[in-house]
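J.: First the structure, which I've put down as structure tokens, then a few questions once you've had a look.
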Amino acid sequence: MVKIRLLLCFLFVISCREGKPADDDKRNALMVTINAEDNLLAYSYFKDNDYAVKVEDLRTNNTVFVYNIQDNCFTNPRIHNGKLYFPESNHVFVCVSYKTGKPLWKLPTQGRILEFQMVKDDIIIASVDGYGIIAIHADTGKILYVLHLLSNSNCQVDLSPRPVRFDENYFYVAGFNCKTISAYEILSGKKVWSREDYRFSLSSFIITGDFIFSGNMIDNDKEEIILLEAHTSKLLYRQPASFDLFTDPVVYQDKIYYHTNNAELKEFDIRKKTVRTVFTFRTYEDIIGGQMFRLDHFLFFQDMQYHIVKIDLQTFNRKVIDRGKKGLLEVYKINDEIKLIY
């Protein structure tokens, strides 16, 4: 099922509020990230004409920070080293102290930042709509380098987000400048390698240890999964296979679990390089919303009836643990209690 990436308009007013209890039904969150170190939930909020970034204390369920934003911008806000990062508008990226509400720096950008990652302690890699990829110093807001989008008759440039993943030294991006996947040095932006398996394919991938696992959609009738050696791009495995681009795979031990377009949950064994079907879902049991979440040895997702399903990845027993008409956005554990974030 296609995961719709909404882009919202925001008004710029800054405000900090003392703890206000959060209600899952009234949170109105669209995209969320969790800072496990401080037990904080950061999310984009949308209701009527009120658009904002909020921070919630997961220990108390209190909303501790609100920052109203403007323009048609929408990404996951992120908390890192006590600071909150997000686009304030289509042309400004900001770093603020969520404790004081004080902006620490603002960076003018050449377009909408569709997504960004904190790839090292002090570097942000951001994808800028119609412009390219920029590296930002997290403490100062200074642009360290730019990787521009190419636009010519041989390379079709679109405005969609490009998945970015990273390890200790490299970051990886899919669908950038007509390459299936490319690797760059985090510190310098120097290209390490790139693969052009299919010029106009769509790809989704994850990094696990020394490996990249990817699913590619070449056209409506051709899909595949591949396994690459991350630092060299050496092809270790390739097989025609159905793959759901909009549901990120999850890793448990040496196995990767991914959803397919024909309503199956598959298990790929990295060491043995084998694939098996774990579940074949009936229509109402299939995954909705394009999200799977792993917590310990459990896999969580929401089915077509909005039931929250928990699968034990050791026994493969399934259990419905919650019901409702809300969209599941994240799963988190605090004080041995599982929290479902809607």
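The values are calculated or read from the model by the stated rules, or taken from the named source; none is laboratory data. These numbers come from a predicted model, not from an experiment. A quick note on method: Cβ atoms are made from the backbone with ideal geometry, for glycine too, and the neighbour counts reach across all protein chains shown. Only protein heavy atoms, including side chains, enter the accessible area calculation; ligands, DNA and RNA are left aside. Shrake-Rupley method; radii C 1.70, N 1.55, O 1.52, S 1.80 Å.
J.: Which numbered condition in (1) surrounded by 13 or more Cβ atoms within 10 Å (Cβ to Cβ); (2) at pLDDT below 85; (3) farther than 18 Å from L329 by Cβ is the only one that T75 fails?
T.: Here T75 clears every test but (3).
J.: Can I ask one more? Answer yes or no as to whether Y98 is open to solvent by less than 50 Å² (accessible area, probe 1.4 Å), assigned to a strand (DSSP E or B), modelled with pLDDT of 70 or more and touching a Leu at 6+ places or on another chain (Cβ under 9 Å).
T.: Spelling it out, it is not the case that Y98 is open to solvent by less than 50 Å² (accessible area, probe 1.4 Å), assigned to a strand (DSSP E or B), modelled with pLDDT of 70 or more and touching a Leu at 6+ places or on another chain (Cβ under 9 Å).
J.: Just a yes or no: is a residue in the range 326-341 open to solvent by 50 Å² or more (accessible area, probe 1.4 Å) and either farther than 29 Å from T60 by Cα or of a type in the set (S, T, N, Q) (or both)?
T.: yes
J.: Which one of these does Q117 not meet: (1) open to solvent by 20 Å² or more (accessible area, probe 1.4 Å); (2) more than 19 Å from the chain's Cα centre (by Cα); (3) without any contact (Cβ under 8 Å) to a residue 60 or more places away in the chain?
T.: (2)
J.: Return a yes/no flag: does the range 253-267 have any residue that is of a type in the set (S, T, Y), open to solvent by less than 20 Å² (accessible area, probe 1.4 Å) and farther than 19 Å from T315 by Cα.
T.: Checked against the condition, which is being of a type in the set (S, T, Y), open to solvent by less than 20 Å² (accessible area, probe 1.4 Å) and farther than 19 Å from T315 by Cα, the range 253-267 yields at least one hit.
J.: So which of F246, F293 is outside any strand (DSSP E or B) and under 23 Å from L329 (Cβ atoms)?
T.: When all the criteria are applied, what remains is F246.
J.: Taking the options S160, S151, name whichever one is open to solvent by 30 Å² or more (accessible area, probe 1.4 Å), modelled with pLDDT under 85 and within 21 Å of the chain's Cα centre (by Cα).
T.: Answer to the check: S160.
J.: Something else now. Scan the range 44-66 residue by residue and report those that are in contact (Cβ under 8 Å) with a residue 60 or more places away in the chain and touching a Gly at 6+ places or on another chain (Cβ under 8 Å).
T.: Selection gives nothing.
J.: Also, I was wondering about something else. Can you name every residue in the range 268-279 that is assigned to a loop (DSSP other than H, G, I, E, B) and surrounded by 19 or more Cβ atoms within 10 Å (Cβ to Cβ)? Walk me through how you get there before you give the answer.
T.: Of the residues in the range 268-279, the ones assigned to a loop (DSSP other than H, G, I, E, B) are 270-273.
Passing the criteria: only I270.
J.: Here is a follow-up. For the range 1-66, give me every one of the strands (runs of 3 or more DSSP E) that falls completely inside it and has 1 or more residues that are modelled with pLDDT of 90 or more.
T.: Details: elements: 13-15, 29-35, 40-47, 50-57.
Result: 29-35, 40-47, 50-57.
J.: Now, a different point. Of all residues in the range 195-207, count the ones that are within 18 Å of E224 (Cβ to Cβ) and either touching a His at 6+ places or on another chain (Cβ under 7 Å) or not in a loop (DSSP other than H, G, I, E, B) (or both).
T.: Total satisfying the criteria: 6.
J.: Any residue in the range 43-66 that is farther than 17 Å from E330 by Cα, in contact with an Asp or Glu (Cβ under 8 Å, 6 or more places away or on another chain), of a type outside the set (D, E) and open to solvent by 30 Å² or more (accessible area, probe 1.4 Å)?
T.: yes
J.: For the list (1) closer than 20 Å to Y237 by Cα; (2) basic (K, R); (3) in contact (Cβ under 8 Å) with a residue 12 or more places away in the chain, I need the number of the one condition that R318 fails.
T.: Here R318 clears every test but (1).
Let's see how each residue does on (1) farther than 25 Å from T180 by Cα; (2) touching a helix residue (DSSP H, G or I) at 6+ places or on another chain (Cβ under 7 Å); (3) at pLDDT 95 or above:
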site	(1), (2), (3)
Y237	no, no, yes
H259	no, no, yes
Y284	yes, no, no
L313	yes, no, yes
L340	yes, no, no
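J.: Looking at the range 280-321 only, could you name the residues that are in contact with a His (Cβ under 7 Å, 6 or more places away or on another chain) and surrounded by 15 or more Cβ atoms within 10 Å (Cβ to Cβ)?
T.: Across the range 280-321, the qualifying residues are I287, M292, L313.
J.: For the range 209-221: of the residues being under 26 Å from N169 (Cα atoms) and in a loop (DSSP other than H, G, I, E, B), which is nearest to the chain's Cα centre (by Cα)?
T.: G209
J.: Just wondering, is there one or more residues in the range 222-234 that are at pLDDT below 95, within 28 Å of E330 (Cβ to Cβ) and either touching a helix residue (DSSP H, G or I) at 6+ places or on another chain (Cβ under 9 Å) or not in a loop (DSSP other than H, G, I, E, B) (or both)?
T.: There is at least one residue in the range 222-234 that is at pLDDT below 95, within 28 Å of E330 (Cβ to Cβ) and either touching a helix residue (DSSP H, G or I) at 6+ places or on another chain (Cβ under 9 Å) or not in a loop (DSSP other than H, G, I, E, B) (or both).
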